[in-house]
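Peer 1: Please find one structure pasted underneath; my questions will follow.
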Amino acid sequence: MEFSVMCKARHVLTLIGSVLNIVLSFIVFCFLDILDFVLCFVYKVLDFCIESEWKNPGSYSAATLDGSGKIIVSEQGETESEVVYLTSTKFQLEEISDTLYSRPSFVTEVSNQLKKLTFDTITITKSTEKKKPTRSTITINSTIVKLLQGRMIGQYLYPITRWSDCDCQFCNSWTYSTKRTLFVKSDGPKDQAKEDVVFIHGFVSSSAFWTETLFPNFSSNAKSIYRLLAVDLLGFGRSPKPNDSLYTLREHVDMIEKSVLEGYGVRSFHIVAHSLGCILALAIAVKHPESVKSLTLLAPPYYPVPKGESATQYVMRRVAPRQVWPPMAFCASVGGWYQYIARTVSLVLCKNHRLWDFLIKIITGNRIRTFLLEGFIRHTHIASWHTLHNVIFGTSGKLDRYLDIIRDRLSCDVTVFHGEDDEVIPLECSYNVQRRIPRARVKVVENKDHITIVVGRQKEFARELEEIWKKSTKN
């Protein structure tokens, strides 16, 4: 009897909590819609006053064709948008997520959901009628046009360091080099390595996620066999942070190939990737099917898209559901939906990271290693915003194909690790990968989340990786 009463009470409390979450979310995100709109004009004025250029990120214009034969259009199909530009000698395709310029306000989205429920019967009736074939439409975002035009003529649209970005030597060390390659931290034998391992970090992180945790904990035997290569992704850590980059999947992969695979003469290799890095790892594996010996994915953000849904919009809503609870969902929602609020956060944290580093050292007495914080606040807003939308959201329609290719054409071992308490990427994502690649092994780590799946258990994880590499080499 008491157990039944407790269950009913728990059910009532859960229901009340869900209702409160919905109500608070409605109030908070309506306010954030207004705030982001206001901040949009604030930053436009500041950019104009400081950089002498009036930027209009929300406007659209027709496709452009100039005298040199360059044409730039954005073809928006049913599932994703791709920006195409053509010169007299080259045709290129840039994967631009439509979530960069198509994010309905919270009120609009709620009203659309209500309309959908209200007219559900009418929709069902209409669905039985014969539909006319739909044609893709041509649209273009003026910001993307400017970015592509600037890249075609080899110019930087903005100063190398924008007024809202950090100008310290650490963040701009790449400007002193003519190579313009990614920062790579290597460990192990330089000349006689038998095998290579490429480590790819996650979103708003850096190579320190690996070098400060795993690298010191690999056995001496492993370091004598494997050359360990941890890379800072484009726009993060010590790597270049060009403001004229669109930070697409293509650009990230090309830079990893140029800086790591070509730069270090890597021929065959293992890949260890975390979160966002898993998407890049899959793309690299598809491009180099004969070279990859093993794939180790930590918390891969793979969300199968229901038929008929827009892939980019669906994944954006899964990653950033616009809810105030849990806290990680709220942070992801602010970072994914509100460009100018996110820019303000970047202005406060990233531009002033030296101040935050100093304060944390004072508060903690310099007793706590802050490599995670350093990775989190040492990037630019342009890099984080475009990477989030063009890679995490924008590649959602391609992951099925990538996983199918790895299943059918690659023979490498695939191992997936996921923290049981991960609130950033749900556990179901790893099982989704296993459903697509049946040979993939999923290991759920109890009482660990998105970060502590590595941090805090680095010795154990280092041994697990060594076993994976050893087994893959034997096979």
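Peer 1: How long is the gain from PHE371 to THR452 if the chain were fully straight, where each residue apart is worth 0.36 nm and the alpha carbon distance is subtracted?
Peer 2: Fully extending the segment from PHE371 to THR452 adds 27.8 nm.
Peer 1: In this model, which of LYS241/LYS287; LYS398/LYS471; LYS194/LYS293; LYS223/LYS470; LYS179/LYS293 are farther than 21 Å apart at the alpha-carbon?
Peer 2: Long pairs (Cα-Cα over 21 Å): LYS241/LYS287; LYS398/LYS471; LYS179/LYS293.
Peer 1: Next question, about the same structure. Could you name the aspartates and glutamates whose alpha carbon sits less than 17 Å from that of LYS361, not counting residues in the same chain fewer than 8 places away?
Peer 2: Partners found: GLU374.
Peer 1: Mind putting a number on the dipole of the stretch 225-357 about its Cα centre? Charges go on the C-beta only, +1 for Lys and Arg and -1 for Asp and Glu, and I need it in Debye to the nearest 20.
Peer 2: That gives a dipole near 220 debye.
Peer 1: Still on this structure, please answer the following. List the residues, sorted by chain then number, that are 5 or more residues from PHE417 or on another chain and whose placed amide H is less than 5 Å from its amide H.
Peer 2: LEU297, LEU298, ALA299, LYS443
Peer 1: If you count only protein heavy atoms with a 1.4 Å probe, what accessible area per residue comes out for the stretch 267-369, rounded to a whole Å²?
Peer 2: 43 Å²
Peer 1: Taking all protein chains together and a probe of 1.4 Å, list MET328, MET6, MET255, MET316 from the most accessible to the least accessible.
Peer 2: My answer, sorted largest first, is MET6, MET328, MET255, MET316.
Peer 1: Using a basic spin-label model with each label point 7 Å from the Cα along Cα→Cβ, how many nm lie between ASN21 and SER102?
Peer 2: The modelled label-to-label distance comes out at 2.9 nm.
Peer 1: When the solvent-accessible surface of protein heavy atoms is calculated with a 1.4 angstrom probe, in what order do HIS288, HIS270, HIS450 fall, highest first?
Peer 2: Order by accessible area, largest first: HIS288, HIS450, HIS270.
Peer 1: Would you list which aspartates and glutamates come within 18 Å of LYS44, measuring only between C-alpha atoms, while excluding same-chain residues fewer than 8 positions from it?
Peer 2: Leaving aside aspartates and glutamates fewer than 8 places away in the same chain, those within reach of LYS44 are ASP33, ASP36, GLU53, ASP165, ASP244.
Peer 1: Determine, from the Cβ-Cβ distance of LYS470 and SER173 and an R0 of 25 Å, the FRET efficiency 1/(1 + (r/R0)^6), rounded to the nearest 0.05.
Peer 2: With a Förster radius of 25 Å, E is 0.10.
Peer 1: Let me ask you something else. Quote to one decimal, in nm, the extra length available between ARG439 and LYS258 on full extension: 0.36 nm per residue of separation minus the C-alpha distance between them.
Peer 2: Extra length from ARG439 to LYS258 when fully extended: 62.1 nm.
Peer 1: For LYS459 and ILE363 in one chain, what is 0.36 nm times their gap in residues minus the Cα-Cα distance, to one decimal in nm?
Peer 2: Residue separation times 0.36 nm, minus the Cα-Cα distance, leaves 31.7 nm.
The values are calculated or read from the model by the stated rules, or taken from the named source; none is laboratory data. Since this is a predicted model, take the numbers as computed values, not measurements. Here Cβ is always computed from backbone atoms with ideal geometry, including for glycine, and neighbour counts include all displayed protein chains. All accessible areas refer to the heavy atoms of the entire protein, side chains included, with ligands and DNA or RNA removed. Shrake-Rupley method; radii C 1.70, N 1.55, O 1.52, S 1.80 Å.
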